[in-house]
Amino acid sequence: MFREHLKKELNNIKNSGLYRTLKVKDGKFIDFSSNDYLCLSKHPEILNAVKNGLRYGSGSTGSRLTSGNINHEKLEEKIAEFKETERALVYSSGYATNVGVISALCKKGDLILSDKLNHASIIDGCRLSRADVLIYEHCNISHLLNLIEENWRKYEEGNLFIITDGVFSMDGDVAPIKELKKIADEFNAVLIVDDAHGTGVLGNGKGTLKHFNIKPSDNIVQVGTLSKAVGGLGGFVCGVEEVIDYLINTSRSFIYSTALPPHVVEGCIKAFEIIEKGEVVKNLQNKINIANKIFKKYKYINCGHITPIFPFIFGEKTMSLAQHLIDNNIFCVGIRYPTVPKGSERIRVSINIGHKKEDFILLCEKINDFLIDDKK
């Protein structure tokens with residue numbers, strides 16, 4: 001009966017056009033889907049650091065609170081220094097970080113104000129916290145203020161949280177962090193910023209706060225990932241000493257997860273060292289500028305981007321276009337509902353420092369070919 005039930009549910013997913021399959025890419029593809037913005041996942045210095053890290057073994061063998069605390073504190077010290085915070089804490093994934101941080105810091109009786117387009121991991125963390133959650137329109141400061149002014153008196157001082165992505169993963173736009181910080185200060189709220197797509201990209205690589213020249217403070221908690229621009233695996237949170245101590249003692253996804261393999265940790269330490277030097281970050285910004293000019297020329301974007309994420313919105317044609325690109329050795333996956341709202345299905349173009357000008361032109365030409373054939 002259970003098997004038949006699952007078959008029925010899968011058929012419903014297929015009939016809705018939402019069925020997912022795993023895709024395999026190899027070296028013959030031009031990859032416009034990866035979040036490896038700085039191409040550090042294959043950087044020779046990092047691979048060498050990973051190799052040296054195998055001296056600890058292939059796995060950590062346990063959680064950080066049992067046998068798994070090996071070289072992880074070295075990485076945390078590096079992240080805290082990099083982000084200019086008092087301390088940092090490493091998790092097994094970016095998803096686990098958001099879920100664990102939000103569900104630990106926010107509780108029943110608190111109020112969370114969350115951007116409408118926040119990542120699924122933020123949404124799930126909010127749900128698990130059992131706090132009251134109000135959604136403000138995407139990057140809409142006026143709407144956020146209205147919600148706070150209507151509701152904040154119902155909550156005790158210090159029970160207010162504003163949560164946002166720093167860079168939004170599907171549109172590549174940047175949250176108005178300066179305005180959000182002012183509101184957090186005015187209402188004695190905590191600002192939680194998920195800087196997964198900002199770290200290694202904005203602010204000379206230091207992230208979204210640095211981009212806006214905002215210094216870390218007691219009421220800011222920064223979350224990040226080690227699996228995008230850093231090129232490794234895992235997630236992190238950084239802030240004041242008390243936040244990290246509290247999470248070590250209360251965050252379930254930290255306490256009950258096996259720690260990252262130590263060789264991965266060594267690779268991430270080296271990655272932050274490379275990012276700090278600045279060359280790879282400048283290279284990425286140069287590639288973003290080139291992509292802006294070409295994508296504007298082909299009229300796939302209207303305004304310039306400062307991040308490597310470019311949404312090409314094609315609606316119902318998106319998945320057919322994605323397959324057309326794969327058939328032409330371009331790996332650029334289609335994004336559809338429920339990841340994005342219906343009607344805004346898009347090709348999420350993600351560029352990195354390994355791309356050449358010719359790659360951007362080829363992508364646009366192959367999209368043009370599809371659109372011309374589609375009109376016939």
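Please treat every number below as a calculation from the coordinates, not as lab data. Just so it is clear, the model here is predicted, and its values are computed rather than measured. A quick note on method: Cβ atoms are made from the backbone with ideal geometry, for glycine too, and the neighbour counts reach across all protein chains shown.
Determine whether segment 37-55 contains at least one residue that is in contact with a Phe, Trp or Tyr (Cβ under 7 Å, 6 or more places away or on another chain) and assigned to a loop (DSSP other than H, G, I, E, B).
Step one: of segment 37-55, the residues in contact with a Phe, Trp or Tyr (Cβ under 7 Å, 6 or more places away or on another chain) are none.
No, segment 37-55 contains no residue that is in contact with a Phe, Trp or Tyr (Cβ under 7 Å, 6 or more places away or on another chain) and assigned to a loop (DSSP other than H, G, I, E, B).
Of LEU38, LEU65, LEU89, which residue is touching a strand residue (DSSP E or B) at 6+ places or on another chain (Cβ under 6 Å), within 28 Å of SER253 (Cβ to Cβ) and aliphatic (A, V, I, L, M)?
LEU89
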- Query: Looking at segment 122-129, is at least one residue surrounded by 15 or more Cβ atoms within 10 Å (Cβ to Cβ), closer than 17 Å to LEU191 by Cβ and more than 17 Å from the chain's Cα centre (by Cα)?
  - Reply: yes
- Query: Is there any pair with a first residue in segment 2-18 that is free of Cβ contacts under 8 Å to residues at least 60 places away in the same chain and a second that is of a type in the set (Ser, Thr, Tyr) and surrounded by 10 or more Cβ atoms within 10 Å (Cβ to Cβ) whose Cβ atoms are under 8 Å apart and which are 6 or more apart or on different chains, and what are they?
  - Reply: LEU10/TYR19; ILE13/TYR19
- Task: Pick out, from segment 83-196, the helices (runs of 4 or more DSSP H) lying fully within it that include 3 or more residues that are of a type outside the set (S, T, N, Q) and more than 20 Å from GLY235 (Cα to Cα).
- Result: 141-151, 177-186
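Run down ILE353, ILE288, ILE294, ILE301 and say which single residue is over 30 Å from TYR19 (Cα atoms) and in a loop (DSSP other than H, G, I, E, B). Walk me through how you get there before you give the answer.
Working: ILE288 fails: in a loop (DSSP other than H, G, I, E, B); ILE294 fails: in a loop (DSSP other than H, G, I, E, B); ILE301 fails: over 30 Å from TYR19 (Cα atoms).
Result of the check over ILE353, ILE288, ILE294, ILE301: ILE353.
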- Would you tally the residues in segment 298-328 being touching a helix residue (DSSP H, G or I) at 6+ places or on another chain (Cβ under 9 Å) and in contact (Cβ under 8 Å) with a residue 12 or more places away in the chain? 16
- THR21 meets each of (1) β-branched (Val, Ile, Thr); (2) out of contact with any Phe, Trp or Tyr (no Cβ under 7 Å at 6 or more places or on another chain); (3) in a helix (DSSP H, G or I) with one exception, condition (3)
